[in-house]
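The values are calculated or read from the model by the stated rules, or taken from the named source; none is laboratory data. The shown structure was predicted, so the numbers you read here are calculated from the model rather than taken from an experiment. Glycine also receives a Cβ, built like all others from the backbone with ideal geometry; neighbour counts cover every protein chain displayed. These area figures cover heavy atoms from the full protein model, side chains too; ligands, DNA and RNA do not enter into them. Shrake-Rupley method; radii C 1.70, N 1.55, O 1.52, S 1.80 Å.
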Amino acid sequence: MNPAGILPDSEIAALFDSGALAAPHPLDPDQVQPASLDLRLGDVAYRVRASFLPGPQSLVSEKLDRLKLHEIPLGGGAVLETGCVYIVPLMERLSLPADISASANPKSSTGRLDIFTRVMTDFGPEFDKIVPGYKGPLYLEVSPRTFPIILRTGSRLSQIRFRRGKTLLTEAELVALHEMETLVAAQTPNISGGGIALSIDLTGGADRLVGYRAKHHTSLVDVDRKAAHTVTDFWEPLYNHGKAELVLDPDEFYILVSREAVHVPPAYAAEMTPFDPLVGEFRVHYAGFFDPGFGHSGAGGTGSRAVLEVRSHEVPFILEHGQIVGRLVYERMGARPRALYGTDLKSNYQGQALKLSKHFIA
């Protein structure tokens, strides 16, 4: 009997060998991550009138026939505009065993560009959740919020994580693991609501830089090009000028960083969950996966912080240094991955402090 837990890289590769995962093209060399699989865009994007869910009675294709406005070939590259909603069939297709479920999330770089993405399945009642035993295609909803983007067939904006059985750690198990492994660098960690809290750093380092606010009316961002764009063309740097606080303007997009360093031991995976909006009119905009080895000293990750994508809604809101802005939930791996996030894979965000996406010149 297979152990419960998040499927590691070796078992994800085995899903392709068994036919539980299929695609028309071979896997990219770096597509399989320690605890997740990057998903690739197919050949066409459909501009639709509005976001939708297929619901338990419909295929996604049936809703597309009714809601699409036009088709955009992606083979030679295509521009997706801000404020529009697109549906893209993904290359990967599932035929999951009855004991395996899955969930999806934007890739770290996708969230840092404020590209809203959600995975859909046929007969799916909710986004980003794939039920055990699902057989069928995958679709990605894509909506650039701040920057217009250019992408193409094979671009990777989202990732999927596979699970077998009960994987989430209880609060008592989180406390015990933190005592053994120091999950966040806090003397008295706030462990509640099923997760461990992260707070905001608004003091800055030697240069007093605390974050970035996205500019409006910028040029395109190419999602497949690293270090190709100048920071100041897209971002306004934000500094601590004596007060460790920041006023969030409504509907502006900010890149900030956690006060605590984060550690994901090799036998675990973690996920950032949006913080309860009842504590204030702001939100950590994107949830995100943290793979085994993130922040792990043995994988070159000492001091790794969590980068946070933040918005205020409706009214201005003052964030203060040390304010809780999100929680990490931890899950067991079914087995240790062959490669850890970090030096094993030359990962982009290992050892990071405040850092924009890989698309910008450091």
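Among residues of the stretch 347-359 being more than 14 Å from Thr110 (Cβ to Cβ) and either among the aromatic types (Phe, Trp, Tyr) or open to solvent by less than 50 Å² (accessible area, probe 1.4 Å) (or both), the one that is modelled with the highest pLDDT is Leu354. Of the strands (runs of 3 or more DSSP E) that lie entirely inside the stretch 1-107, those containing 1 or more residues that are open to solvent by less than 50 Å² (accessible area, probe 1.4 Å), farther than 30 Å from His296 by Cβ and polar (S, T, N, Q) span 85-95. Of all the listed residues (Phe162, Phe116, Phe127), the sole one being closer than 30 Å to Pro56 by Cα, open to solvent by less than 10 Å² (accessible area, probe 1.4 Å) and under 16 Å from the mean Cα position of the chain (by Cα) is Phe162. Give me the residue from the stretch 199-218 that is of a type in the set (S, T, N, Q) and within 18 Å of Val307 (Cβ to Cβ) and, out of that set, most open to solvent (accessible area, probe 1.4 Å). Ranking the candidates gives Thr203 first.
Quick check on Gly205: is it under 30 Å from Pro144 (Cα atoms) and not aromatic (Phe, Trp, Tyr)? So Gly205 does not fit the description; no. For the stretch 235-249, the count of residues that are open to solvent by 30 Å² or more (accessible area, probe 1.4 Å), touching a Phe, Trp or Tyr at 6+ places or on another chain (Cβ under 8 Å) and at pLDDT 95 or above is nonzero.
For the stretch 260-271, the condition holds for no residue, the condition being that it is without any contact (Cβ under 8 Å) to a residue 60 or more places away in the chain and in contact with a strand residue (DSSP E or B) (Cβ under 9 Å, 6 or more places away or on another chain).
If a residue must be within 16 Å of the chain's Cα centre (by Cα) and either farther than 14 Å from Ala270 by Cβ or assigned to a loop (DSSP other than H, G, I, E, B) (or both), how many such residues does the stretch 326-342 contain? Selection size over the stretch 326-342: 1. Looking at Gly322, Gly293, just one residue is outside any strand (DSSP E or B), modelled with pLDDT of 90 or more, within 26 Å of Gly204 (Cα to Cα) and touching a Lys or Arg at 6+ places or on another chain (Cβ under 7 Å), and that residue is Gly322. Screening Leu168 on (1) at pLDDT 95 or above; (2) buried (at least 16 other Cβ atoms within 10 Å of the Cβ) shows it passes everything except condition (2).
Take the residues in the stretch 237-260 that are in a strand (DSSP E or B) and in contact with a Ser or Thr (Cβ under 6 Å, 6 or more places away or on another chain); name whichever of them is nearest to Ala299 (Cα to Cα). Going through the qualifying residues, I end up with Arg259.
All of (1) within 29 Å of Gly83 (Cα to Cα); (2) of a type in the set (A, V, I, L, M); (3) free of Cβ contacts under 8 Å to residues at least 40 places away in the same chain; (4) touching a helix residue (DSSP H, G or I) at 6+ places or on another chain (Cβ under 9 Å) hold for Ile191 with one exception: (1). Would you say Asp17 is modelled with pLDDT under 95 and charged (D, E, K, R)? It is true that Asp17 is modelled with pLDDT under 95 and charged (D, E, K, R). Under the condition of being over 30 Å from Leu69 (Cβ atoms), of a type in the set (Val, Ile, Thr) and more than 20 Å from the chain's Cα centre (by Cα), the residues counted in the stretch 14-44 number 0. If you check Val231, Val221 for being within 20 Å of Leu308 (Cβ to Cβ) and surrounded by fewer than 19 Cβ atoms within 10 Å (Cβ to Cβ), only one passes: Val231.
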